Amino acid sequence: MDHFLYRDGQLMAEDVSIAEIAAQVGTPFYVYSSATLLRHFKLFDDALDGIDHLVCFAMKSLSNQAVLKLLGDAGAGMDVVSGGEYLRAKAAGVSGDKIVFSGIGKTRDEMRIALEGGIRQFNVESEPEMEALSEVAVSLGKAAPITVRVNPDVDAKTHAKISTGKKEDKFGIPISRARDVYAMAADLPGLKVIGIDVHIGSQLTELEPFRLAYRKVAELTEQLRSDGHEISRLDLGGGLGIPYARDNNAPPLPIEYGAMIKEEVGHLGCEIEIEPGRLISGNSGILVTKVIYVKSGEGRKFLIVDGAMNDLIRPAMYEAHHDIIPVIEPQAGGEQTQYDIVGPICESGDTFAKGRNMPTLNADELVAFRSAGAYGAVMASEYNSRPLIPEVLVHGDQFAVIRRRPTFEEMINRDSIPEWL
């Protein structure tokens, strides 16, 4: 569910007209619904009711500070994967004891930033990282709380580029070596083992891969406890998918996911962390763009819009589908045209959809890409010297620009030309 609906012939974001935002902000832009963000966070929080838990938003999916503050104020923790994300979370008012630091390539500088600023835990992914963290923690006179990310060799049955839990993936340590790695952690100064971490991928559409991974984690928990380790926290990752097309089969609901977690690991008495990103942010945002031209080609029509692959790269990178709808509600039974929907960048990859049946559209009309809140703005670039596009947050009948579009001058002036040129 989201809060982008037609009302009186106009697409609305909660109680704000998309056309009104476009008139004031210009296109293209992202717009997010506060109500949708909060609703989806609460679905996960409620799903784990009855057990000690923390829902940490995977902010790699959407990292604008306004969104982080909205979710943080509602009780969310944050899952970060870089020093920059850690500092964004802190700037948004999230306390260090609610920030989990994941990622396979943490640098010593990033470790130092988090240890000095406060951290809930580091999810450690290799022995060299563990040794580096030990050195940094000792130099600061601190004890770094850690889990070790284990790779359970479970096929998440998702896109190859977002699968993380198979033995050939770069993430975590093989679960078969976990006991040796935990023994090493116990011997290193400056580290405090508190639990286990696992994450098998993104955009999962069934529960069985999660169940298989969590059963392996439950078995490992008992083994590590028998070895004398304190295992009081299980970080079970995220990855629950969303339907990107309205006619797709819906993935499992958070309530079903939560029930499965309780079945598989609830008996262990551990605090549970989960790290949803896409399911909280995905349907909370849309990308709004304007038709520049309608071009007739050989046996096809092109809808050329002012949004491009630098603004939303998912279709080019993942062959991802997004429902695309007009901002003005089409008449029922109205004329349809088949379009290739493309952006203005000089690459054939700048294509959002091929052969998509749409209501017939003309230049200057607005269209919206649904389910664009996750991995949209955060993956955007200035390719072709196109400025990053605005982000807008809606709350009821109010909206605010939470990241403005830079001017060409601001973008260009970040470069510097050496005196010797």
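Tabulated data
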read-out: Relative contact order %, the chain, counting alpha carbon pairs below 8 Å whose residues are six or more apart; value: 19
read-out: The stretch 1-138: proportion of alpha-carbon pairs further apart than 25 angstrom, %; value: 41
read-out: Vicinal HN-Hα couplings computed from phi for the stretch 380-390 (Karplus, 6.51 cos²θ - 1.76 cosθ + 1.60; Hz; Gly/Pro x); value: 6, 9, 9, 3, 6, 6, 9, x, 4, 8, x
read-out: Cα-Cα over 18 Å, subset of Lys301/Lys354; Lys60/Lys216; Lys216/Lys262; Lys69/Lys90; Lys69/Lys106; Lys42/Lys90; value: Lys60/Lys216; Lys69/Lys106; Lys42/Lys90
read-out: Farthest positive-ward along the stretch 84-138 dipole, Cα basis, beta-carbon charges - from Ser95, Ser134, Ile113; value: Ser95
read-out: Span from the the stretch 319-369 Cα centroid across to the the stretch 86-125 one, whole angstrom; value: 41
read-out: Sum of -39500 (n - 2.57) over DSSP H runs of 4+, divided by residues of the chain (222 nm, nearest 500); value: -8500 deg cm²/dmol
read-out: Selected from Ala185, Ala374, Ala259 as most flexible by GNM, with the chain as the system and alpha-carbon contacts under 10 Å; value: Ala259
read-out: Magnitude of the charge dipole, the stretch 34-279, Cβ model with Lys/Arg +1 and Asp/Glu -1, debye to 20; value: 600
read-out: Estimated inter-spin distance, Ser139 and Cys346, nm [label 7 Å along Cα→Cβ]; value: 4.6
read-out: Alpha carbon convex hull of the stretch 34-279, projected area averaged over orientations, nm²; value: 12.3
read-out: For the chain, with +1 on Lys and Arg beta carbons and -1 on Asp and Glu, the positive-most of Thr337, Ile200, Ile324 along the dipole; value: Thr337
read-out: Interatomic Cα distance distribution for the chain, bins of 10 angstrom, percent; value: 4, 21, 29, 23, 15, 6, 1, 0
read-out: Of the GluC sites (Glu not before Pro) in the stretch 245-306, those whose Cβ has at most 14 other Cβ within 10 Å and which sit in DSSP loop; value: Glu298
read-out: Share antiparallel - DSSP beta bridges, the stretch 34-279, percent rounded to 5; value: 5
read-out: DSSP bridge pairs, the chain: antiparallel proportion in percent, nearest 5; value: 50
read-out: From phi via Karplus (6.51, -1.76, 1.60), per-residue ³J(HN,Hα) for the stretch 321-333 in Hz, x at Gly/Pro; value: 9, 10, 4, 10, 10, x, 6, 8, 4, x, 6, 4, x
read-out: Of Glu125, Glu206, Glu410, the one that fluctuates the most in a GNM where the chain has Cα springs shorter than 10 Å; value: Glu410
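Each reported figure results from applying straightforward, stated rules to the coordinates on display, with no laboratory input. Just so we're clear, the structure is a prediction, and the values are computed from it rather than from any experiment. Neighbour counts run over all protein chains shown; Cβ positions are idealised from the backbone, glycine included.
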